[in-house]
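These notes are about the structure you will find just below.
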Amino acid sequence: MLKWSGVKGGVHPDTHKDRSAALKIVQASLPDCVILPLRQHAGADAIPLVKPGDSVLKGQLIAAAGTEVSAPVHASTSGRVRKIGPVQAPHPSGLAADAIVIESDGDDRWIDLDMPDDPFSQAPMELAERVARAGIVGMGGAIFPAAVKLKQGARHEIKTVLVNGSECEPYLTTDDRLMRERAEQIVDGARLIQHILRAYRIVIAIEDNKSEAIAAMRAAAEPFGAIEVEVTPTLYPMGSAKQLIQEITGHEVPAEGRSTSVGVLVHNVGTVYAIQQALRFGRPLISRVVTVAGGCIKSPRNVETVIGAPVQHLIDACGGLTDEPAQLLLGGPMMGVTLPSTQVPVIKGATGVLALQRREVSRATESPCIRCARCVQACPMGLLPLEMARRAKVDDLDGADAAGLKDCILCGSCAYVCPSHIPLVQYFQYAMGEQDARKNAARKNDYTRMLMDARNARLEKEVAAKAAAKAAKKSRASSTSESAP
Amino acid sequence: MTPRSSPHAHAGSSVNRIMLDVCLALIPCTSVGFYLFGWPAAYLWLVTCAAAVATEIVCLQLRGRPVNTVLDGSALLTGWLIALTLPPWAPWWIGVGGSLFAIAIGKQLYGGVGMNLFNPAMLARVGLLIAFPLQMTTWIQPLPLAGLTYPDALEGLRITFEPATRIDGYTGATALGELKTALTLKQTAPDILAEHFVWWQSLFGLHAGSLGETSELLVLLGAAWLLWRRIISWEIPVALLLTLAMLATVASIVNPLQQAGPLFHLTSGGVLLGAFFIATDPVTSPISRTAKLLFGAGCAVVIFVVRVWGGFPEAVGFAVLFMNALTPLLDTAFKPRVYGRTHRGKPLPVTHAKVVVNHGRKS
C-alpha cells in the first residue's frame with residue numbers, strides 16, 4: 001500500500017478489547033499486604049525512609065527519589081512495614097528486587113495531604129516539582145519519571161502537548177475506560193501540563209476503535225480553547241510516542257533526539273490523570289487502573305487497585321481463573337513481559353495483567369529466515385529486522401547497529417508478522433543488553449585507568465617531593481656544617 | 001511457564017502456508033499443461049517434484065538437520081517450478097537431474113532454505129539447457145489444438161521413461177524459437193509473426209512451450225492470488241513487465257522489420273511465470289522497494305538483450321540468475337530510510353531548539 005505521510009509499516013493484531021471495554025472500572029478490595037518495589041520507574045532505585053516495624057499512613061512517603069532521574073515511592077495503604085528487602089519482582093527472570101512490604105491494618109487511613117491552592121496560579125516549576133514529589137511515572141508502560149519529562153520540556157519551546165490515548169496494544173482498555181469515565185479530569189490534567197510547559201495547544205489522540213472515549217473526550221474538551229481530539233487509525237504501534245507524533249504533526253523526531261526536538265511532549269492518558277490528581281488534590285501515585293483480561297480470566301474488566309497489590313488479588317477481583325494460563329503477562333501481548341507467578345505485585349507501569357490461553361499465544365518453533373521482508377514492511381521505524389537479527393546472532397553488534405538496532409523501539413511488529421517465527425525482539429534485546437554491558441565495561445576500564453593514572457601521578461609527585469625534601473635537607477645540613485665553627 | 005520474549009501474539013503466518021499458497025497458485029497453469037501435453041507432462045511433473053523432495057530429505061539427513069524441515073514445502077515448490085519450465089515431454093532424467101542439482105547444489109550446499117544466493121529452480125533450468133540442449137528444446141505441439149491424439153497412460157510412461165521413444169510426430173517450435181530461426185533466414189519479423197503468432201492463442205496457452213508457462217492467462221490468475229494473499233509484492237513483476245514492454249516498443253519502432261513488439265515479448269516464453277513466480281522468490285530477490293524495482297527492470301534488460309542478440313531464444317533463467325548475483329549489492333545500496341534519519345543515515349535536523357525560559361525561578 002502506498003502511503004506518503006503518517007506512520008509507515010505497523011501491524012493489525014486482533015484487538016480482543018470488547019469484553020473488558022464494556023464494563024465499568026471496578027474498585028478492588030484492599031489486599032492484606034502490599035509490596036512496593038523500590039524501582040518502579042526508569043532510573044535509579046528509590047531510597048527507603050522507613051524501617052521494618054514502622055507504622056505508615058496511606059500516601060506517606062516511604063522511599064525518596066535516588067537521583068535526578070528517579071521517582072519516590074509512597075505507601076499505598078496504612079499499616080506496618082513488615083520487611084524491606086528482596087521479593088520476587090514482576091520480571092520474566094523471576095529474580096528478586098528490593099521492595100518495602102507493608103502489612104495492611106485495614107483502616108486505609110490517609111496521611112494529611114498537602115492540599116494545594118489553585119494550581120493555575122502557581123509557577124510552572126513549582127507544579128513540576130509537585131509532580132516529582134507525587135512519584136508519577138509514565139503510566140502507559142514507559143515508566144519514565146513524568147516530572148523529569150516536564151522539566152526537560154519546560155526548557156524547550158513546546159507547541160503541542162500530545163495526550164496519548166491511542167492504546168494500541170491488544171486486550172488493554174485502561175485508557176479507553178479512563179477516558180470514558182474520567183474525561184473531565186484528563187482534560188484538566190492536560191491543561192495543567194499545558195500551563196507548566198506554556199504550550200500552544202493540546203491534542204488528544206485516540207484510535208478510531210474507541211468511539212465512546214472519543215465522544216467523551218470531545219464533550220469534556222468542548223468548553224476550552226486550543227484542545228483538539230484527533231482520531232487516528234487503529235494501527236499497532238500507534239501509541240509509540242515517535243509514531244504518534246509522526247501521525248499527528250507530520251514531523252519525525254530526529255534520531256538520537258527527544259520529542260521536544262519537534263516541539264511536542266507526549267503523556268499517556270493515565271499519566272495525565274495521575275498528574276491532575278497530584279496537582280488538584282495533592283495525591284501521590286498510589287493506585288492505578290489495570291486491565292485484567294485474557295482467555296483464562298472469568299470476567300475480564302478494568303480494576304482500580306492500590307500499587308503493590310499481588311497480581312493474584314486482581315485476578316480474584318475478576319472472578320479468578322477459569323483455566324491454567326499458558327502465559328501470564330504484565331502489559332499487552334505485543335510488548336508485555338511474562339510474569340514468574342501471580343504473587344508478584346502490580347507496579348506503577350502495569351497497564352494490564354493477561355492470563356492467556358494456549359490458542360492466544362504463539363508457540364511455533366523457529367525456522368530459518370526466508371527473507372520474505374515482511375518484517376521490513378511491518379517495521380514502523382524503517383529498519384531491516386532480518387539483517388539486525390542475522391548480525392545479532394553472531395554477536396556482530398556494530399553490524400546490527402548499522403542495520404538499525406540503535407533506532408529499534410522493540411515494538412515487536414517484525415516478530416508478529418514473521419512467518420518463520422523468529423524471536424526477533426529477543427535477539428534485539430540480547431544485542432542491546434550486550435552493548436550496554438560492553439559500554440559499562442569500557443566505562444569501568446576508563447575509570448580504573450583514570451584512578452591508576454591519578455595514583456601514579458600522586459606517587460610520582462610524592463617521590464619527587466621526597467627527593468626534593470631530601471635534597472633540601474642535605475643542602476641545609478651541608479650549609480649548617482659549613483657555617484659551624 | 002517458560003519466559004518468552006515479546007511479542008506473545010502472532011499473525012499466524014508460517015513458511016508452510018506461504019509455500020502452500022504458491023503451490024495453489026501454480027495449480028491452474030499446471031493443469032492446463034497436463035491438458036495440452038497429456039500423460040507424459042504429468043509423469044514428468046511427478047518425478048521432478050518427487051526427486052526434489054527426496055533430495056531434500058537426503059541432504060537434511062546428511063547435514064544432520066531435522067528431516068521434518070522438508071515439510072516446509074520449499075523443496076516441493078522448487079521441484080514444481082523446475083517441472084513447469086521443462087519441455088513437457090522431456091525424459092525423466094532431465095527432471096530428476098534438475099531437481100537433484102537444484103536442491104543439493106543450488107540450495108543445501110549454501111546452507112539450506114533461505115541461504116541460497118541463486119534461485120535453485122533457475123540454476124537447474126539453465127544448467128540443463130546448457131548441458132542437454134537437445135532435450136531441453138524439443139517442444140511438443142499442444143495436442144488438442146494440433147488435432148493430435150493423446151498418447152494413452154502406458155504410451156505416456158514410455159515417452160517419459162524410455163529415452164529412445166520417437167516423438168517426431170508431435171514436435172513443434174515455440175514462438176520465440178520460430179522467430180529466432182526465421183530471422184536468420186532473412187524473413188521479416190511482421191511476416192513471421194503473422195504466420196506463427198496469434199496473441200490471443202498465446203494468452204490462452206495454445207502453443208508449444210514449457211509445461212507450465214504456456215497459458216499466460218492462468219499464470220496471471222495465479223499471480224493475482226499471490227498478490228491478494230500478499231505473498232509477493234507488485235514491484236518486481238511490474239518493473240520487469242513494464243521495462244520489457246518499453247524496450248520492445250522502442251526496438252520495434254526503431255527496427256520494425258527485425259523486432260517483434262511488446263505484445264509478443266510479454267506473452268511468449270516464460271516471462272510472466274518468471275516475473276510473478278521466479279523473480280519474486282524472496283530468498284534471492286532484494287528487500288527494499290527501490291531495489292526491487294531495479295531488480296525487476298534489470299531482469300527485463302537481460303531478457304531483452306539475450307532474446308534479441310543472444311544465442312538462446314529464451315532468457316528468463318539467465319536474467320534471474322544474473323540479477324540474483326546483484327541482490328546483495330542492491331540490498332546494501334538501497335536501504336529504506338530510517339525514521340528520524342536522512343537517506344544517508346544522519347539524524348534529521350532539530351526543528352525546535354532549546355529556548356531559555358525562566359519559569360519564575362530566581363536566577
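The values are calculated or read from the model by the stated rules, or taken from the named source; none is laboratory data. The structure presented is a predicted model; accordingly, all values stated were derived computationally and were not measured. Methodologically, a virtual Cβ is constructed for each residue, glycine included, from the backbone with ideal geometry; neighbour enumeration extends over all protein chains shown.
Filtering the range A:340-355 to residues that are more than 26 Å from A:LYS58 (Cβ to Cβ) and either modelled with pLDDT of 90 or more or away from every other protein chain (no Cβ under 14 Å) (or both) leaves A:LEU354, A:ALA355. When each of A:ASP54, A:ASP45, A:ASP32 is tested for being among the acidic types (Asp, Glu), more than 14 Å from chain B (Cβ to nearest Cβ) and closer than 23 Å to A:ASN302 by Cα, the lone residue that passes is A:ASP32. For the range A:315-323, the criterion of a residue being away from every other protein chain (no Cβ under 14 Å), within 18 Å of the chain's Cα centre (by Cα), surrounded by 23 or more Cβ atoms within 10 Å (Cβ to Cβ) and part of a loop (DSSP other than H, G, I, E, B) is satisfied by no position. The requirement of being facing chain B (nearest Cβ under 10 Å), under 30 Å from A:LEU192 (Cα atoms) and buried (at least 24 other Cβ atoms within 10 Å of the Cβ) is satisfied by A:GLU169. Of all residues in the range A:361-378, those that are assigned to a loop (DSSP other than H, G, I, E, B) and more than 8 Å from every other protein chain (Cβ to nearest Cβ) total 3. Within the span defined as the range A:39-58, every residue fails to be within 23 Å of A:VAL231 (Cα to Cα) and out of contact with any strand residue (DSSP E or B) (no Cβ under 9 Å at 6 or more places or on another chain). Within the range A:212-255, the set of residues being within 14 Å of another protein chain (Cβ to nearest Cβ) and free of Cβ contacts under 8 Å to residues at least 60 places away in the same chain comprises A:HIS251, A:GLU252, A:VAL253, A:PRO254.
Of all residues in the range B:83-103, those being under 20 Å from B:ALA325 (Cα atoms) and either of a type in the set (Asp, Glu) or modelled with pLDDT under 95 (or both) number 0. For the range A:5-25, filtered to residues that are touching a Ser or Thr at 6+ places or on another chain (Cβ under 8 Å) and within 14 Å of chain B (Cβ to nearest Cβ), the residue that is nearest to A:THR234 (Cα to Cα) is A:HIS12.
Here the helices (runs of 4 or more DSSP H) wholly within the range B:253-355 that include at least 1 residues being at pLDDT 95 or above and under 19 Å from the mean Cα position of the chain (by Cα) are B:289-309, B:316-333.
As for the range A:403-422, it holds at least one residue that is modelled with pLDDT of 90 or more and either in the same structural domain as A:GLN243 (by TED's automatic domain parsing) or of a type in the set (Lys, Arg) (or both). Just so you know, in the range A:370-382 the residues that are among the hydrophobic types (A, V, I, L, M, F, W, C) and within 15 Å of A:TYR416 (Cβ to Cβ) include one that is nearest to the chain's Cα centre (by Cα), and it is A:MET381. Among the residues that make up the range A:80-88, is at least one of them at negative phi and within 14 Å of chain B (Cβ to nearest Cβ)? Within the range A:80-88, one or more residues are at negative phi and within 14 Å of chain B (Cβ to nearest Cβ).
A:ARG288 passes every criterion in (1) crowded, with 22+ Cβ neighbours inside 10 Å; (2) closer than 16 Å to A:GLN27 by Cα; (3) in contact with a strand residue (DSSP E or B) (Cβ under 6 Å, 6 or more places away or on another chain); (4) away from every other protein chain (no Cβ under 14 Å) apart from (3). Within this structure, B:ILE140 passes the test of being of a type in the set (Val, Ile, Thr), crowded, with 18+ Cβ neighbours inside 10 Å and either on the phi < 0 side of the Ramachandran plot or touching a residue at least 60 places away in the same chain (Cβ under 8 Å) (or both).
Here is a yes/no grid of residues against (1) assigned by TED's automatic domain parsing to the domain that holds B:PRO144; (2) farther than 26 Å from B:TYR43 by Cα; (3) of a type in the set (Gly, Ala, Ser):
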| position | (1), (2), (3) |
| --- | --- |
| B:GLY212 | no, no, yes |
| B:ALA224 | no, yes, yes |
| B:PRO237 | no, yes, no |
| B:LEU241 | no, yes, no |
| B:VAL254 | no, yes, no |
| B:GLN259 | no, yes, no |
| B:THR267 | no, yes, no |
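Within the range B:94-137, the set of residues being touching a residue at least 60 places away in the same chain (Cβ under 8 Å), more than 14 Å from every other protein chain (Cβ to nearest Cβ) and not β-branched (Val, Ile, Thr) comprises B:ALA121, B:MET122, B:LEU123, B:ARG125, B:LEU129.
For the range A:100-110, state whether one or more residues are of a type in the set (Gly, Ala, Ser), touching a residue at least 40 places away in the same chain (Cβ under 8 Å) and touching a Gly at 6+ places or on another chain (Cβ under 6 Å). Checking the range A:100-110: at least one residue is of a type in the set (Gly, Ala, Ser), touching a residue at least 40 places away in the same chain (Cβ under 8 Å) and touching a Gly at 6+ places or on another chain (Cβ under 6 Å). Taken over the range A:155-187, residues that are more than 21 Å from A:ILE248 (Cα to Cα) and not in a loop (DSSP other than H, G, I, E, B) amount to 7.
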